[in-house]
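The values are calculated or read from the model by the stated rules, or taken from the named source; none is laboratory data. Remember, predicted model here, so these are calculated numbers, not experimental data. Heads up, the Cβs are rebuilt from the backbone with ideal geometry, glycines too, and the neighbour counts pull from every protein chain shown. Accessible surface areas use protein heavy atoms only, side chains included; no ligands, DNA or RNA. Shrake-Rupley method; radii C 1.70, N 1.55, O 1.52, S 1.80 Å.
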Amino acid sequence: MKTNWLIRLSQTLGWKKNRTQIFMMMMIPIDKIILNHNYYKNLPSINVYCKLLLLLILTLPAFGQSPKVGGPCEGCEAIHETSVPFDKLDSFLKMPDATWEGKKPLGINGIVYKADGKTPAPGVILYIYHTDETGHYTAKTDAKGWEKRHGSIRGWMRTNDKGEYKFVTLRPAPYPGRTDPAHIHITLKEPGINEYYIDEYLFDDDPLLTAEKRQKLENRGGSGILKLKDVGNMFKASRHIILGKNIPNYPINQ
């Protein structure tokens, strides 16, 4: 067990003991100190000891850990709710709402690149979800986990050896009565790194995507603004993704 942090902490508290003495102090139950205070009179006061324990409880989980890639992300853990193991996922996804019956679906494809922006990144998991054509996240009656909030129009993909991915869905509607542009949420999970979100898929022709809103985009993973092309029986668009681009705490050696 590494105790250098104990030494640093003790120095902050004004202690002048070596690491063995400090470590032994940490092993002494607080009730023993209280009952035998005279015996342990050379130890720090009970008050300081208790403060140290509290400080350790608050900070110990962070010792030896790197900052979370991408920062806080509520709901990103939903990427692990797939019923298909990550290594069995396909690079093509047909979303639950995708249909050609009286509809004109949307096909989106792209390549996921490593941080250099040139090398294709295989084995990257993409989790997407969006509202229905009424602007609601509608979930099935038996929905569990994050499906209750994300709705049932969601799915998972895994980039192939060329870093490619593709999915087909219906264009989502914006939230009713609000000014947020219509969008498709996306979370990524690449090998060896925790899951994190990138910029949502947005639509260049959306009147709600104003110049002001465009300026506020973070371009995490690169721009997510789609320019749709009508190919007759459906709309198509492309979005390439660069891993780590504008992502906080991203390891530079990836």
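Observations, loosely collected:
- Spatially proximal aspartates and glutamates relative to LYS148 (Cα-Cα < 15 Å; intrachain offsets below 8 disregarded): GLU74, GLU77, GLU81, ASP132
- Total formal charge among the other residues, if their Cβ is under 14 angstrom from that of ALA115, Lys/Arg +1 and Asp/Glu -1: +2
- Taken per residue, the accessible surface of the range 94-252 reaches 50 Å², heavy atoms only and a 1.4 Å probe.
- Surface listing: ASP97, ASP204 arranged by accessible area from highest to lowest gives ASP204, ASP97, probe 1.4 Å.
- Entries in LYS189/LYS236; LYS114/LYS245; LYS104/LYS229 that, when Cα-Cα distance is taken, lie over 19 Å: LYS189/LYS236
- Fraction of accessible area attributable to carbon and sulfur, the range 153-202 (%, probe 1.4 Å): 47 percent
- About the Cα centre, charge dipole magnitude for the range 145-254 (Lys/Arg +1, Asp/Glu -1 at Cβ), debye: 120 debye
- Put a plus charge on the Cβ of each Lys and Arg, a minus charge on the Cβ of each Asp and Glu, and nothing anywhere else: the dipole of the range 193-254 about its Cα centre is then about 180 debye.
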